[in-house]
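Heads up: the structure comes next, in structure tokens.
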Amino acid sequence: VTERSLLPVADPQRALVAGSIEVTQAFHRVIASGRYVHGEEHAAFENELAQYVGVRHCIGVACGTDALELALHAVGCQPGDEVLTAANCGAYASVAARNAGLRPRYADVDPETLCLSPSTIQAALGPGVRAAVVTHLYGRIADIDSIVTVCHERGIAVVEDCAQAIGARWKGRRAGSFGDAAAFSFYPTKNLAAVGDGGAVTTDVPKVADTVRRLRQYGWGEKYSITMPGGRNSRLDELQAAILRARLHHLDEHNDRRRRIVGQYAAALTPSAGRFVASPGADFVGHLAVLLAASDRAELRASLAEAGIGTDIHYPIADHRQPAWQDEYSQVRLPVTEDVVGRVLTVPCFPELTDDEVSWICEVLRAL
Ligand SMILES: Cc1ncc(COP(=O)(O)O)c(C=O)c1O
């Protein structure tokens with residue numbers, strides 16, 4: 001079986017085909033409008049996403065990594081400050097923090113959710129920590145209200161990374177409405193996906209919103225008047241905003257479908273092979289179907305490939321072991337993180353999978 005013929009873990013093209021009428025309409029609307037950056041679609045999308053998340057402010061930016069970086073600036077981080085985060089979430093927070101002149105510091109994760117928890121955060125705190133980035137990994141929301149309490153008691157700001165968890169709920173509120181700020185990505189494989197790059201910051205804090213709004217566009221207060229240093233061009237374009245507006249209408253329905261698919265996988269998997277990192281409730285939106293292998297991941301991967309099912313690893317290298325900076329962290333030990341990095345395995349999950357494909361994957365999982 002060649003790599004190309006395997007069923008992929010995500011398939012943005014199928015989403016585009018399924019929603020082609022809406023996407024084409026959005027495209028024509030934007031072309032006809034004559035405004036290709038920060039026009040009416042963009043303004044409307046910011047309002048609609050803010051309302052969906054349940055916050056007062058949403059600021060479109062160019063990608064999720066920029067959203068993290070600008071959010072860290074906006075919540076008050078200063079060069080040299082430490083940012084506490086998890087090391088099993090793809091290093092996006094590490095990259096953003098380092099680009100902002102901040103120093104990532106790592107906490108271990110909860111063995112059940114693979115997210116930061118109040119206790120793992122408390123165990124890793126130090127006097128230099130100014131902010132925490134909490135990633136709602138694979139679409140499952142962390143114990144975020146308790147985390148915010150623990151951090152705020154110590155004067156630490158919280159940035160939620162909602163790139164994988166848009167729409168997830170916790171105690172009646174959506175991901176992105178708990179922290180001082182939250183970052184979203186609309187990368188083409190995300191639950192709310194652009195046809196290209198895109199991102200956003202949400203917040204209830206007017207000053208945070210104002211800072212991100214200036215920094216995303218050269219530091220301008222008014223056009224051509226730079227009132228804040230450190231600005232850049234990080235805009236979400238009009239075409240992506242129009243497509244995202246159309247797709248936002250289907251988000252809850254697609255999240256339900258994803259959650260159901262992962263639920264079927266979880267029920268099918270032989271317990272001796274491992275377990276899925278998932279939850280049956282609204283706290284999980286099935287961004288990725290990740291199996292935590294009980295023993296040999298390579299063997300499971302080979303069996304799945306043999307059956308025609310593609311897999312991926314999210315993520316294979318812990319942040320503190322990334323070649324670019326591992327020398328700075330040679331003393332750091334994160335037992336749960338280091339263990340799961342060698343055991344996670346992602347199988348296909350996207351709303352456009354057919355029932356037959358889901359049944360087929362379940363059959364293969366049952367036989368593992
Ligand atoms: C958890 C998480 N954070 C941040 C990002 C970065 O988003 P982007 O690729 O839009 O910069 C991603 C995805 O790529 C992600 O999965």
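The values are calculated or read from the model by the stated rules, or taken from the named source; none is laboratory data. Because the structure is predicted, anything quoted here is derived from the model rather than measured. Using ideal geometry, Cβ is built from the backbone for each residue, glycine included, and neighbour counts are taken over all protein chains shown.
Some notes on this structure:
- Among the numbered conditions (1) free of Cβ contacts under 8 Å to residues at least 24 places away in the same chain; (2) over 26 Å from T311 (Cβ atoms), the only one that F276 does not meet is (2).
- The set of residues in the stretch 328-342 being touching a residue at least 24 places away in the same chain (Cβ under 8 Å), part of a loop (DSSP other than H, G, I, E, B) and either among the acidic types (D, E) or over 15 Å from L137 (Cβ atoms) (or both) consists of V332, G342.
- Scanning the stretch 113-132 for residues that are within 16 Å of the ligand (Cβ to nearest atom) and either farther than 24 Å from A289 by Cβ or surrounded by fewer than 22 Cβ atoms within 10 Å (Cβ to Cβ) (or both) yields T113, A131, A132.
- Residue match in the stretch 73-83 (condition: β-branched (V, I, T), under 17 Å from the mean Cα position of the chain (by Cα), buried (at least 23 other Cβ atoms within 10 Å of the Cβ) and within 16 Å of the ligand (Cβ to nearest atom)): no
- Yes/no for R35 being in contact with a His (Cβ under 9 Å, 6 or more places away or on another chain) and basic (K, R): yes
- Any pair with Cβ under 6 angstrom, 6 or more apart, that starts in the stretch 195-213 at a residue that is within 15 Å of Y52 (Cβ to Cβ) and of a type in the set (D, E) and ends at one that is away from the ligand (no atom under 13 Å from the Cβ) and not in a strand (DSSP E or B): D204/V55; D204/R56
- Evaluating V148 against the criteria (1) outside any helix (DSSP H, G or I); (2) crowded, with 20+ Cβ neighbours inside 10 Å; (3) away from the ligand (no atom under 16 Å from the Cβ) leaves one unmet condition, (1).
- Residues that are touching a residue at least 12 places away in the same chain (Cβ under 8 Å) and small (G, A, S) within the stretch 296-327 comprise S303, A305, A307, G308, G310, A318, listed in sequence order.
- Matching residues in the stretch 78-106 - criterion: being part of a helix (DSSP H, G or I), without any contact (Cβ under 8 Å) to a residue 60 or more places away in the chain and within 12 Å of A131 (Cα to Cα): A97
- Test: residue in the stretch 233-244 that is surrounded by 13 or more Cβ atoms within 10 Å (Cβ to Cβ), in contact with a Leu (Cβ under 9 Å, 6 or more places away or on another chain), in a helix (DSSP H, G or I) and in contact (Cβ under 8 Å) with a residue 40 or more places away in the chain: yes
- Residue in the stretch 108-125 that is touching a Pro at 6+ places or on another chain (Cβ under 7 Å), modelled with pLDDT of 95 or more and under 22 Å from N191 (Cβ atoms) present: no
- The lone exception for L70 - which of (1) within 14 Å of the ligand (Cβ to nearest atom); (2) within 16 Å of P206 (Cβ to Cβ); (3) part of a strand (DSSP E or B) it fails: (3)
- So C89, is it within 15 Å of the ligand (Cβ to nearest atom) and on the phi < 0 side of the Ramachandran plot: yes
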